[in-house]
1. Full-extension gain between Lys249 and Asp56, please, as 0.36 nm times their residue separation minus the C-alpha to C-alpha distance.
2. Over every pair of different alpha-carbon atoms in the stretch 266-316, take the mean of 1/r and invert it; report that Kirkwood radius in Å.
3. Keeping all protein chains in place, calculate the accessible area per residue for the stretch 144-270 (probe 1.4 angstrom), answer in Å².
4. Take the solvent-accessible surface of the protein heavy atoms, probe 1.4 Å, and return the percent of it on the stretch 69-138 that carbon and sulfur atoms account for.
5. When the accessible area of the stretch 172-325 is split by element with a 1.4 Å probe, what percent falls to carbon and sulfur?
6. Could you give the Stokes-Einstein D for the stretch 23-86 in µm² per second, using the C-alpha Kirkwood radius, 4 °C, 1.567 mPa s?
7. Calculated FRET efficiency, Lys191 and Val273, Cβ-Cβ r, R0 22 Å, to nearest 0.05?
8. Percent relative contact order of the stretch 120-183, based on C-alpha pairs within less than 8 angstrom and at least six residues apart?
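The values are calculated or read from the model by the stated rules, or taken from the named source; none is laboratory data. Note that the structure is a prediction, hence the values are computed from the model and not measured. Please note: Cβ atoms are built from the backbone with ideal geometry, for glycine as well, and neighbour counts cover all protein chains shown. Keep in mind that these areas ignore ligands, DNA and RNA; they rest on the heavy atoms of the full protein, side chains included. Shrake-Rupley method; radii C 1.70, N 1.55, O 1.52, S 1.80 Å.
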Amino acid sequence: MRSTIAVLVVILMHVVAEAQTLPRVMSGYSAVSGPHAVLWIARDAGLFEKNGLRTDVAYIRSGSTMAQTLVSGEIQMSQMGGPAMLAAGVAGMDVTFVAVALNTTPIVIMGSVSKMEDLKGKAIGVTRYGSNTDISARFAIRKAGLQPEKDVALVQLEDYPGIMGGIASGRIAAGALADPFTDAAKKLGYKEIADIAAMGLEFPFVGIVAKKSYLKDHADIAQRFVRAYVEAIAFYKNNRDVAMKVTSKYTGIKDPAILSSTVNFYAPKLARVPYATIGGMRFVLEQVAVRDPRAKTVNPESFMDNRFVKQLEESGFISSLYPKG
């Protein structure tokens, strides 16, 4: 018995020692909406360790703060949206996408009115100016023939729960929401006013961003991280029960129907081969240019580093993650 315990202790010490010798990578996510579950799954399913990394994951509430944290070196590989990343890049920060898991916007405008035109003279809630929700809301406002800020006010409310609270209090007439919060809004009786994904918008909504200088010096670590990330995308697509449990853990939502609807919504939209695209970059740069004219002269490809995803695709690794046929 004592010898058995001694062996187990030795094995445990070896596992702990091995974990401590793995390269450490700090990562983070900037929202608690459905597509951010890719990073959550990579951590909770042990995919980083499987790929030889010791990865800690932090919640950084906004994309702009995430960009600053990344550039400062506190985080090396961050999961965030295109607007915050490209605004930082245009301002001179050393950033680029290495993968884009969701290349369209899942944002739906929901509220107490029946159509976008009814929002004239009222307000829409977004998380932060320049964020995914902000750019999605502005796109929908313009599609309705209205002018953002002139015809429809935009109010910063930090996060999705804040937007829900703003609608409930009457401070805003509608909000830019993503699953699972869209289903929660429907249960409260709010109306779906505009489904922006249905408008065919190409948009780097969620992906992995790193400093170009970090990638230059740590290409092997970045390759392992991206490998774990594409495995997590496949895990989300192929294991809906686990995807629901992980989404519930990080969002706090317990309703099985809402969780099921969320996974059903995102699973087909997440990219098996998560390339950043020129079209998505170009669209966001056009929006950034409204506030920062420097974006008009930027080359979209300067914020795309697809070599890590390309290696995984060409090696056959990504196709091996999915059932044949």
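1. 67.8 nm is the gain from fully extending Lys249 to Asp56.
2. On the way: mean 1/r = 0.0794 Å⁻¹.
Result for the stretch 266-316, one decimal place: 12.6 Å.
3. 41 Å²
4. On the way: 920 of 1790 Å².
About 51 percent, which is the carbon plus sulfur part of the accessible surface.
5. 52 percent
6. 109 µm²/s
7. So, using R0 = 22 Å, E works out to roughly 0.05.
8. Computed over the stretch 120-183, the figure is 45 percent.
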